[in-house]
Amino acid sequence: MATPAVLTHPESLKRPAGPSEYAKHPVNTALSKKEKAALYTKMARIRHFEQRCIRIYQQGKIGGFLHLYVGQEAVAAGTISLLGKHDHLITGYRDHGHGLMVGMSMNECMAELTGKVTGCSQGKGGSMHYFAPDKNYWGGHGIVGGQAPLGTGLAYAVKYMGLKGSCLAYMGDGAVNQGAVHEAYNLAALWDLPIIFVVENNGYSMGTSQERSTAHPGCLAKRAEGYGMAWDVINGHDVYEVRAKTAEALKRAHEESKPTVLEIFTYRYYGHSMADPDKTYRDKEEIKEYRDQKDPVLLFEKELLAEKVLTAEQVQAINEAAMAEADEAAAFADASPDPTVADITKHIYWEEDNRGPKTTSRGTIIFE
Amino acid sequence: MPVISYREALRAAMREELKRDEKVVIMGEEVAQFNGAYKVTEGLLKEFGPKRIVDTPISEAGFIGLGIGASMLGIRPVMELMFWSFSYVAFDQIVNNAGNIRYMSGGLINCPIVIRGPANGGTNVGATHSHTPEAILASHPGIKVVCPATPYDAKGLLKAAIRDNDPVYVMENTILYNDKGEVPDEDYIVPLGVADVKRVGTDLTIVAHGRAVITSLKAAEILEQEHGVSVEVVDLRSIRPLDEETILASVRKTHRALLVEENKPFCGVDAQVAYLIQSKAFDELDAPIHRVSSIDAPQIYCKRLEDQQLPDVNRVVREALKVLA
């Protein structure tokens, strides 16, 4: 019989949610009022973008899969708000929040969902495949855990070029059982790569709870010890805590070129994807409890109201503006054209799209 | 012109490209300290040091994926697979990530990665180590595949592959590593997608790639000496991109075609070549197209039988005579 798992949750998660214990952490006190307001605004924008997506999905305009980030906003917001010029990121298929955080526009994100040529990937990627390499965002990857080796490669490249940077490689709790993730862990530790593996633990790998999917489910981050890597657990409902603890991992990457595994406890309010009726594996009470007591956007809102960074009127204005922006993005997506049939065979090969005297390829490469 | 081996030609290509571009990195199992499982990378660690020549753990999904990620940021990794058979544990990285990311990003990202290593049967190592995945991989748009048959092509194709901005998978052959041929010292490339007429003839076109080219050239010699038949041998060199024009030009001249490959027959490269010929040169054909492939079974261990499982000279001659009948 398996030994019962010892739960290794962040200390702050063991108490009822209240004012953040990390508000006074230097990385948070260093934020100006304006920066704090901007951080809140970004979280609100993710929330309203995702909520707007639900309606568009229900109208039948979004195909494929739609994995929503609602409830997990503080993870992307907290981690990405710390990144600098040579810090890169890559994630799995629940990738909208990260995209909006790095500065992708709602328009290009929404148009991608509806398969329009004005989408970030010109309608070729869809919900699971957002990319913005100009903003150091390398996707958006559909296969669970498949992005982890790519992330180690980004970190390897940063180190190879002698830059003081890092890569944040995000994954869900379901990904920790994929072989590719363990191979990435081993390489990151073996070669001292400046990478942070961020496990966004929302408790369910699709419809299978952690207890039913993962040996020693008490702590996923602790698996880092098997590779001699540093690790930490974070309350993902508190954006200040996410920032404080991620900052330490970033310092480790920047100063020592060492990897870290961060397990960030979070929760998604909707099903695994919109195709998940969300009726079989958790009860409504559980969702309500998180919504009412641990909502990352509401908790940060309370924090900023108490800090007098924002007034109630400003909060309302920020949310209304985010909703309006999402509405406009929906209209933009609606009005945008589809890619053409000729577009189907573009962007397959760099050499084909850039044929000239310097390219090294000839011959037939797209077949009838 | 210097005469060097296929193995030395590959090494020369890597050495020249390592010198030309500091973003080029050689990575793989045993490539550095051990000097390469087949000594292809021998001496490179000593010459270029451990930053450029990197030993990896036995972890193909991990290190191939790492190379793909690094290539997205502009590094040009040349990854060695000890056997292309081992690519199967890295299939998600090789196909889903390297092959799709440019497309799925609407052209924002490209992967200038090279993965190279031997992909052949005939070495008495059993089915798991004898795969020839050129057709499987070339069937994925986004991926390029080349199969050099001679030292000259090995060097020129590998150099082109390293400079190419797309993922290029170079499939070598351990049985060819000691083959010698003329290879210029100076810089040259063999562009991808350009076939080579290795022997000029008038009566029959044999289309082949990889070691099947060498087998076909021997068969052509016998056909000429013993049967008075003039055979043209077209070496594809590159599977994707494919030089359709050279194949068609040869068939238009000889009006007969035999396709030879070391793959298994089902959905092999030559299934595509046969379709090409019938769709674009049907009226030129004086006889049905024939194929010679490996006998359709997992690769057998027993050496005496494995040699018969692969296309050999006798089988090529026999099948050629059927096309000529």
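Using bins 5 angstrom wide from zero, how does P(r) for the stretch B:174-325 break down, in % of all Cα pairs?
P(r) for the stretch B:174-325, in whole percents per bin: 2, 9, 19, 22, 21, 14, 8, 4, 1, 0.
So what J values fall out for the stretch B:79-85 if you push phi through Karplus, 6.51 cos²θ - 1.76 cosθ + 1.60 with θ = phi - 60°, rounded to Hz, Gly and Pro as x?
Going residue by residue, I get 9, 9, 9, 4, 9, 4, 4 Hz, with x marking Gly and Pro.
Using just the alpha carbons, could you tell me how many Å³ per residue the convex hull of the protein assembly as shown encloses?
171 Å³
If the cut-off is a Cα-Cα distance under 20 Å, which aspartates and glutamates reach B:K264, setting aside same-chain residues fewer than 8 apart in sequence?
B:E134, B:E172, B:D235, B:D296, B:E306, B:D307, B:D312, B:E319
Just how much of A:D134 is accessible, in Å², when a 1.4 Å probe is used and the result is rounded to the nearest 10?
Taking all protein chains as shown, A:D134 has close to 120 Å².
Please check: in the Gaussian network model of chain B (C-alpha springs, under 10 Å), which one of B:I247, B:I94, B:I58 has the largest mean-square fluctuation.
Comparing B:I247, B:I94, B:I58 in the GNM, the peak value goes to B:I58.
Given a 1.4 Å probe, show me the residues in the stretch A:331-368 buried by at least 40 Å² of accessible surface when comparing the whole protein assembly to the chain alone.
A:H347, A:I348, A:Y349, A:W350, A:E351, A:T360, A:R362, A:T364, A:I365, A:F367, A:E368
Given just the C-alpha atoms of the stretch B:3-182, how large is their convex hull per residue in cubic angstrom?
Working: hull volume 18.3 nm³, N = 180.
Each residue corresponds to 102 Å³ of Cα convex hull volume.
Quick one: if the Förster radius is 51 Å, what FRET efficiency do A:E256 and A:L298 give, using the C-beta to C-beta distance and rounding to 0.05? Intermediate values should be presented prior to the final figure.
Numbers: r = 37 Å, r/R0 = 0.72.
Step by step, r from the Cβ atoms, then E = 0.90.
I'd like the antiparallel share, as a percent to the nearest 5, of DSSP beta bridges with both residues in the protein assembly as shown.
Expressed as a percentage, antiparallel bridges in the protein assembly as shown total about 20.
How high is the relative contact order of chain B, in percent, counting Cα pairs under 8 Å that sit 6 or more residues apart?
The normalised contact order for chain B reaches 16 percent.
Taking amide hydrogens as modeled 1.01 Å from N in the peptide plane, which residues meet the under 5 Å criterion relative to B:I206, leaving out close sequence neighbours?
Correct list: B:E232, B:V233, B:V234, B:L258.
Rank A:M106, A:M43, A:M229 by mean-square fluctuation in a GNM of chain A with C-alpha springs under 10 angstrom and give only the top-ranked residue.
The residue with the greatest mean-square fluctuation here is A:M229.
In square angstrom, rounded to the nearest 10, how much accessible surface does B:T128 have for a 1.4 Å probe?
For B:T128, the solvent-accessible surface is approximately 100 Å².
Can you tell me the alpha carbon radius of gyration of chain B divided by the globular rule-of-thumb value 2.2 N^0.38 Å?
0.98
Order the following by accessible area, largest value first: A:K124, A:K288. Probe radius 1.4 Å; ligands, DNA and RNA are ignored.
A:K288, A:K124
With all protein chains present, calculate the accessible area of A:S32 using a 1.4 Å probe and round the result to the nearest 10 Å².
A:S32 exposes around 50 Å² with every protein chain in place.
How large a share of the accessible area of the protein assembly as shown, in percent, is made up of carbon and sulfur atoms when the probe is 1.4 Å and the other protein chains stay in place?
Ligands and nucleic acids excluded, carbon and sulfur give 54 percent.
To the nearest hundred square angstrom, how large is the accessible surface buried between B and A, total for both chains, probe 1.4 angstrom? Intermediate values should be presented prior to the final figure.
Numbers: alone 13580 and 17260 Å², together 26430 Å².
Using a 1.4 Å probe, the pair buries roughly 4400 Å².
Which entries in the list B:K46/B:K159; A:K42/B:K51; A:K116/B:K144; A:K34/A:K61; A:K85/A:K124; B:K198/B:K322 go over 30 Å, if you measure between the two C-alpha atoms of each?
Listed pairs above 30 Å: A:K42/B:K51; A:K34/A:K61.
Using Cα-Cα distances under 8 Å and only pairs 6 or more residues apart, what relative contact order does the stretch B:196-324 have, in percent? Can you show the working numbers first?
On the way: 243 pairs, mean separation 36.9, N = 129.
Result for the stretch B:196-324 is 29 percent.
Using a 1.4 angstrom probe, figure out how much accessible area the stretch B:149-243 has per residue, in square angstrom, rounded to the nearest whole.
Details: 2800 Å² over 95 residues.
It amounts to 29 Å² per residue over the stretch B:149-243.
From the protein chains alone at 1.4 Å, what is the descending order of accessible area for B:D283, A:D276, B:D185, largest first?
B:D283, B:D185, A:D276
Would you mind giving the mean number of other chain beta-carbons within 10 Å of the Cβ of each residue in A:181-188, as a whole number?
Neighbouring Cβ atoms belonging to other protein chains average 5 per residue here.
What ranking of A:E368, A:E183, A:E289 comes out by heavy-atom accessible area, probe 1.4 Å, highest first? Working shown, then result.
On the way: A:E368 185, A:E183 50, A:E289 90 Å².
If we order A:E368, A:E183, A:E289 from most to least accessible, we get A:E368, A:E289, A:E183.
Using Cα-Cα distances under 8 Å and only pairs 6 or more residues apart, what relative contact order does the stretch A:11-336 have, in percent?
25 percent
Grab the eigenvalues of the alpha-carbon gyration tensor for the stretch A:11-336, scale each by 5, take roots, and send me the semi-axes largest first in whole angstrom.
Semi-axes, largest first: 27, 23, 21 Å.
Within 10 Å of each Cβ of B:162-173, how many other protein chain Cβ atoms are there on average?
Neighbouring Cβ atoms belonging to other protein chains average 3 per residue here.
Could you check which residue among A:K258, A:K279, A:K164 shows the biggest mean-square fluctuation in a GNM of chain A with a 10 Å Cα cutoff?
A:K279
Which of B:K23/B:K180; B:K180/B:K218; A:K36/A:K164 have a Cα-Cα distance over 19 Å?
Long pairs (Cα-Cα over 19 Å): B:K23/B:K180; A:K36/A:K164.
The values are calculated or read from the model by the stated rules, or taken from the named source; none is laboratory data. The structure presented is a predicted model; accordingly, all values stated were derived computationally and were not measured. Glycine gets a Cβ as well: all are built from the backbone with ideal geometry, and neighbour counts include every protein chain shown. Note: areas computed on protein heavy atoms with side chains; ligands, DNA, RNA excluded. Shrake-Rupley method; radii C 1.70, N 1.55, O 1.52, S 1.80 Å.
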